[in-house]
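What follows is a short report on a single structure.
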Amino acid sequence: MGANVLFIFGGVLTLVLVMLLVPTAVLLVQVLAARRAEPDALPPPVARPRLAVLMPAHDEAAGIAAAIQSVLPQLVAGDRLLVVADNCNDDTAAVAAAAGAEVVQRVDPGRRGKGYALDFGVRHLELDPPQVVVIVDADCTVGPGSVARLGDVCGVSNRPVQALDLMFSPPGAGLKARLAELAWVVKNQARPLGYLHMGLPCQLMGTGMAFPWGLIRNAPLASGHIVEDLQLGLNLARAGTPPLFCPQALVTSTFPADAVGLATQRTRWEHGHMGVIASQGPRMLWRALASGQVALAAMALDLCVPPLASLVLLLASGMALGTVLVALGGTAAPLALSLLAFAMLVAAVLLAWARFGRHIVSLKELLSVPGYVLAKLPLYARLFKGRQAEWVRTERDDGKR
């Protein structure tokens, strides 16, 4: 290989690894900040705002009653729980009504996706608008006091508010599912908590979200985007109202027990996330820095942190290519950068595990992460063959979609 080719290849590889070093550093800073003491909570409002809990549901007859029963005891006079039974082929509407929810049905097979259901629900609420809308998925359980907490923080801050959204592996789950749970904890607990301690906003996570009525009424909800929550948070941040993390409010759910359901879910999330990074991340960061919008720049940096497994693969590839480059007589800069970034990533994962994940996997099990990453290669290969761009309901344990 000629000297010029080695020089060009080394330069391109160095640039790529510098770009990977940035999100890795962001991840490490977030985890370090998350280990600090909890920040002071916002003061409660003078009067609790009137709430409407909006629950979109597509073929959720098997589990929606439990979700409703976790919400209803938290409501007071003047509050509402509205279920949008969206393009359902089962008894979701009847089960929800029997459980005590207000129910509206939407039938529009040509426009499928959670965003359309949310828009339909908000349009229905316009007839008697609340002060705050709390969005909860139909397969979730809302922790005691969490609805009021979200409403209070939303009322005081007049910003979108995101609860702590945790997913647990099912009882008796294998290591793969528990590693997925750990990755979820890093993404949805450690990282936004770190930003909260730094006075910075978080991404929206899809459930356990509260919005002032004036914001959600005018938000561009009606879409089939496969990560509509992430997109909504970015849109609101651009408009000057970035979301606020509220770890004192809790929403939980369980990963699908079957492999097909888990694969569908992970494909939707990770393809959607990588697609948003590619289409918006660098451009959003540049505009935020150019305009001096610190909150938006922080969200852009957070957005550019790829899923942990993909980051491991990218850095491992960088180390391999850097090693080849050195062996051929090229610059050692790419190898040094990849080793630095990988060390930062390992430190971030170990610190997050020590603070948030000891109960999920043991240290010995954590060392099997390379096998977990390799098992996800087919998922990332599909990014190049054709990224999933349409909403697909996750396969549940009852076999429905």
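Here is how the numbers come out for the structure above:
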quantity	calculated
q = 0.12, 0.19, 0.22 Å⁻¹: log10 I(q)/I(0) that the Debye formula gives for the stretch 1-148, counting C-alpha atoms only	-0.66, -1.06, -1.26
Per-pair calculated FRET efficiency, R0 = 25 Å: TRP286 and VAL5 via Cβ, rounded to 0.05	0.25
Alpha-carbon centroids, the stretch 50-122 and the stretch 281-305: separation in whole Å	35
Gain upon complete extension [ASN158, ALA347; 0.36 nm per residue less C-alpha separation]	64.4 nm
Relative pair counts by distance (%), Cα atoms of the stretch 279-371, 5 Å bins	2, 12, 15, 15, 16, 16, 13, 8, 3, 0
LYS364/GLU126 FRET efficiency (R0 56 Å; Cβ-Cβ; nearest 0.05)	0.55
For ASP137, residues with placed amide H under 5 Å, excluding near neighbours	GLY208
Heavy atoms of PHE120 accessible to a 1.4 Å probe, total area in Å² rounded to 10	80
R0 of 30 Å, Cβ-Cβ distance LEU340-MET198: FRET efficiency to nearest 0.05	0.85
Sequence-distant residues sharing a close amide H with ASP91 (under 5 Å, placed H)	ALA61
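The values are calculated or read from the model by the stated rules, or taken from the named source; none is laboratory data. Please read these numbers as outputs of a predicted model, since none were measured by experiment. Glycine gets a Cβ as well: all are built from the backbone with ideal geometry, and neighbour counts include every protein chain shown. In case anyone asks, the SASA skips ligands and DNA or RNA and just uses the protein heavy atoms, side chains included. Shrake-Rupley method; radii C 1.70, N 1.55, O 1.52, S 1.80 Å.
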